[in-house]
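The values are calculated or read from the model by the stated rules, or taken from the named source; none is laboratory data. Please read these numbers as outputs of a predicted model, since none were measured by experiment. Cβ: placed from backbone, ideal geometry, glycine included. Neighbour counts: every protein chain shown.
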Amino acid sequence: MIPRETLEQIAAANDIVDVIGSYFPLKRAGSAFKALCPFHQEKSPSFTVNPQRQRFHCFGCGEGGSVFDFVAKYESVDFPTAARRLAERAGIKIIEEERSPAEDREISLRKRLLAIHQQAAEWFHHLLINSPEAKQARNYLRKRGLTSEIAQRWKIGYAPDAWEAFGTWANEQGFNREEIVQSGLVSLRDTENPQSDFYDRFRDRVMFPICNDLGEVIAFSGRVLASDPQAAKYVNSPETPIFKKGDVLFGLHKSKRALIEKKSAIVLEGQIDLITAFEAGVQNVVAPQGTAFTEKQARTLKRYAEEVILCFDADEAGRKAAERSLPALLGLDLGVRVIELPQGEDPDSLIRTQGAEAFASRVQAARDYFDYQLDVHGADPDFATPRGKVKFARALAASVQLISDRLLREAVAGRVATRLGMALSDFWAVVNRSAKSSQFSKPSAPDAKAVPAVQLLAATQPIGNLTLLALGDPEIRRWITAQPWSARLLEMDGAELLVKILDSDVSLEAPASVAAFSASLDEASQGLLGALLRERLPDDRLAAARDCWSAIEKRDLGRRREVLLAQMRDPNLSASDITEIQKQILDLQKLITDISRPLSPSNLE
Ligand SMILES: [Zn+2]
């Protein structure tokens with residue numbers, strides 16, 4: 001436990017504006033500071049930092065608190081760990097009374113892992129510059145136009161062609177076995193047995209340090225030198241306590257400022273592309289570690305930039321790879337533009353052969369993703385037939401559907417429809433059919449984003465509970481879909497998320513499926529989903545689902561009855577109309593009474 005006085009001292013030494021500002025940029029707004037909230041998805045900043053009170057608060061998601069709360073939440077650590085990090089930042093020594101041995105271990109391991117990475121980066125770099133063994137590596141870098149100054153700025157290094165060089169070095173530097181193994185810089189001979197011998201993971205490779213936002217080395221990517229066709233071109237660090245692959249954007253610690261200035265981010269595939277572009281003066285660049293964008297990476301980017309520029313290789317494979325990033329990017333309403341590179345070129349080779357200006361002018365001329373698709377494929381003979389045109393429209397519609405902001409989505413749909421020479425209503429029909437929840441999606445439904453999730457939950461009690469049950473239990477989902485659910489739910493306010501869940505295969509058992517599902521939702525539904533994920537499932541789920549269901553049925557029937565009663569008040573009704581409506585009201589009344597009657601064993605199935 002950290003003594004109260006020490007906590008006060010730490011808080012006083014860590015101005016909340018400085019601390020938060022070191023994670024992402026804050027903009028002054030009167031006496032406060034604003035930013036896009038890191039804790040929820042939003043398009044206009046509602047995350048506010050108040051320097052007077054030393055508090056932050058998000059008017060969008062309700063997160064808020066002290067500088068400790070911020071660090072704890074942002075870094076996903078507990079309060080004491082957050083306090084310790086802030087103490088370290090301010091150079092304050094904590095004389096602690098008691099700390100759990102597990103906490104102690106976790107903190108010191110993290111610290112040691114950062115240290116081993118930092119020192120390893122220096123060591124690999126030293127070898128690159130000085131070791132005779134690294135001659136081929138130096139030649140390789142020179143050929144790629146990476147000078148020794150550049151190598152120094154990016155701490156590029158060389159891992160020797162040996163099985164035990166790194167392990168021996170790390171041992172000599174005083175790192176123990178656990179630290180060396182946990183760093184991921186070695187591989188175990190027997191992966192099942194943590195006590196087995198280990199060997200260097202990176203051998204005879206050019207080493208690129210991967211840094212977090214703060215510029216601390218947390219992993220490496222090693223490029224092969226030998227022309228061994230068996231060897232992977234790149235070997236990356238495995239995930240470790242300090243490195244999660246899907247969280248990191250290579251180069252971000254250096255390119256942040258340029259991203260903010262240009263409001264746009266050029267996405268490059270590899271480390272060398274990125275370094276070459278950055279050093280040639282095109283600095284608003286990031287590389288998502290060789291894979292498609294994760295939602296987390298897209299969110300990070302969204303804090304710095306409004307649009308993303310993808311480089312499409314002229315070949316089909318390159319284009320497909322870039323397109324895999326679209327769901328994460330369009331789903332967060334980032335603008336997407338496309339640069340097409342000449343056949344056989346990548347950004348690195350283009351810059352080296354034709355100069356940074358050639359690349360920069362292609363960036364300048366980058367076309368909107370949808371325009372690009374229309375330009376490139378619009379003239380395909382495949383799409384000349386009416387059938388081909390519908391096929392093309394469907395492919396574009398699938399991407400349009402990813403845009404979560406309604407106004408933006410409608411604007412894009414309008415533009416695409418015009419260029420396809422289709423009526424907007426016909427294009428919408430395709431959009432709606434291409435969406436998974438097809439006939440149920442209502443593109444013109446009002447945006448409910450202003451309503452906080454918790455309020456939404458309370459207002460839709462039985463629906464909220466049923467949504468939770470459907471999300472948490474596949475059994476219950478099957479039970480609901482066996483009910484006449486579409487008749488009840490499709491027109492009911494607040495049931496949109498439930499309908500989407502019933503229509504999907506999202507499962508709490510697979511967190512990745514929840515993440516992907518969540519990315520497909522609008523802000524309001526995401527908030528609701530988040531609130532639901534904090535709820536506990538009841539014990540007797542089927543009974544709970546039955547209760548919710550009958551409440552929903554009652555509500556739906558009640559609403560229909562209201563409508564009929566309102567119709568009755570129309571003075572122009574004929575006598576036969578009145579009789580007909582009265583009959584319907586009686587029918588509804590009977591149904592409502594039936595539902596309200598407690599279940600007897602005979603009407604249980
Ligand atoms: Zn927020």
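Kindly evaluate Ala170 against the criterion of being assigned to a helix (DSSP H, G or I) and within 21 Å of Asp273 (Cα to Cα).
Values: assigned to a helix (DSSP H, G or I): yes; within 21 Å of Asp273 (Cα to Cα): no.
Here the answer is no, as Ala170 does not meet what is asked.
Working only within region 52-65, note down all residues that are away from the ligand (no atom under 16 Å from the Cβ) and either buried (at least 16 other Cβ atoms within 10 Å of the Cβ) or at pLDDT 85 or above (or both). Outline the logic, then answer.
Initial filter on region 52-65 (away from the ligand (no atom under 16 Å from the Cβ)): 52-54.
Correct list: Gln54 only.
Looking only at helices (runs of 4 or more DSSP H) that lie completely in region 423-506, which have at least 3 residues being modelled with pLDDT of 75 or more?
424-434, 461-472, 474-481, 485-489, 496-502
List the pairs whose first member sits in region 351-365 and is in contact (Cβ under 8 Å) with a residue 24 or more places away in the chain, whose second member is of a type in the set (Ser, Thr, Tyr) and assigned to a helix (DSSP H, G or I), and whose Cβ atoms are under 6 Å apart, counting only residues at least 6 apart or on separate chains?
Ile351/Thr276
Taking into account only those residues within region 9-30 that are among the polar types (S, T, N, Q) and at pLDDT 85 or above, which is farthest from the ligand (Cβ to nearest atom)?
Filtering region 9-30 for residues among the polar types (S, T, N, Q) gives 9, 14, 22.
With at pLDDT 85 or above added as a condition, the list becomes 14, 22.
Values: Asn14: 21, Ser22: 19 Å.
The extreme case among them is Asn14.
Would you say Phe370 is within 27 Å of the chain's Cα centre (by Cα) and assigned to a helix (DSSP H, G or I)? It would help to see each step written out before you state the result.
Details: within 27 Å of the chain's Cα centre (by Cα): yes; assigned to a helix (DSSP H, G or I): yes.
Criteria met by Phe370.
Looking only at residues that are in contact (Cβ under 8 Å) with a residue 40 or more places away in the chain and more than 12 Å from the ligand (Cβ to nearest atom) in region 66-79, which one is nearest to Asn14 (Cα to Cα)?
If we filter region 66-79 for residues that are in contact (Cβ under 8 Å) with a residue 40 or more places away in the chain, which is where we start, we get 66-68, 70-71, 74.
Cutting the leftovers down to more than 12 Å from the ligand (Cβ to nearest atom) gives us 66-68, 71.
Numbers: Ser66: 11, Val67: 8, Phe68: 9, Val71: 11 Å.
Selected residue: Val67.
Based on this model, can you work out whether Asp333 counts as charged (D, E, K, R), out of contact with any Ser or Thr (no Cβ under 8 Å at 6 or more places or on another chain) and either modelled with pLDDT under 90 or surrounded by 18 or more Cβ atoms within 10 Å (Cβ to Cβ) (or both)? Can you show your working first?
Details: charged (D, E, K, R): yes; out of contact with any Ser or Thr (no Cβ under 8 Å at 6 or more places or on another chain): no; either modelled with pLDDT under 90 or surrounded by 18 or more Cβ atoms within 10 Å (Cβ to Cβ) (or both): yes.
It is false that Asp333 is charged (D, E, K, R), out of contact with any Ser or Thr (no Cβ under 8 Å at 6 or more places or on another chain) and either modelled with pLDDT under 90 or surrounded by 18 or more Cβ atoms within 10 Å (Cβ to Cβ) (or both).
Check off (1) more than 16 Å from the ligand (Cβ to nearest atom); (2) surrounded by 19 or more Cβ atoms within 10 Å (Cβ to Cβ) for Pro101 and give me the number that stays unchecked.
It is condition (2) that Pro101 fails.
Residue by residue through region 199-217, note down the ones that are of a type in the set (A, V, I, L, M, F, W, C) and touching a His at 6+ places or on another chain (Cβ under 6 Å).
Taking region 199-217 as the starting set, the residues that turn out to be of a type in the set (A, V, I, L, M, F, W, C) are 202, 206-208, 210-211, 214, 217.
If the condition is that a residue be of a type in the set (A, V, I, L, M, F, W, C) and touching a His at 6+ places or on another chain (Cβ under 6 Å), then Cys211, Val217 are the ones that fit.
Of all residues being within 18 Å of the chain's Cα centre (by Cα) and either assigned to a helix (DSSP H, G or I) or among the small types (Gly, Ala, Ser) (or both) in region 260-297, which is nearest to Gly145 (Cα to Cα)? Just the residue, please.
Out of the qualifying residues, it is Ala287.
Checking the condition under 26 Å from Lys254 (Cβ atoms), out of contact with any Leu (no Cβ under 6 Å at 6 or more places or on another chain) and within 14 Å of the ligand (Cβ to nearest atom), which residue from Lys34, Lys43 passes?
Details: Lys43 fails: under 26 Å from Lys254 (Cβ atoms).
Only one candidate qualifies: Lys34.
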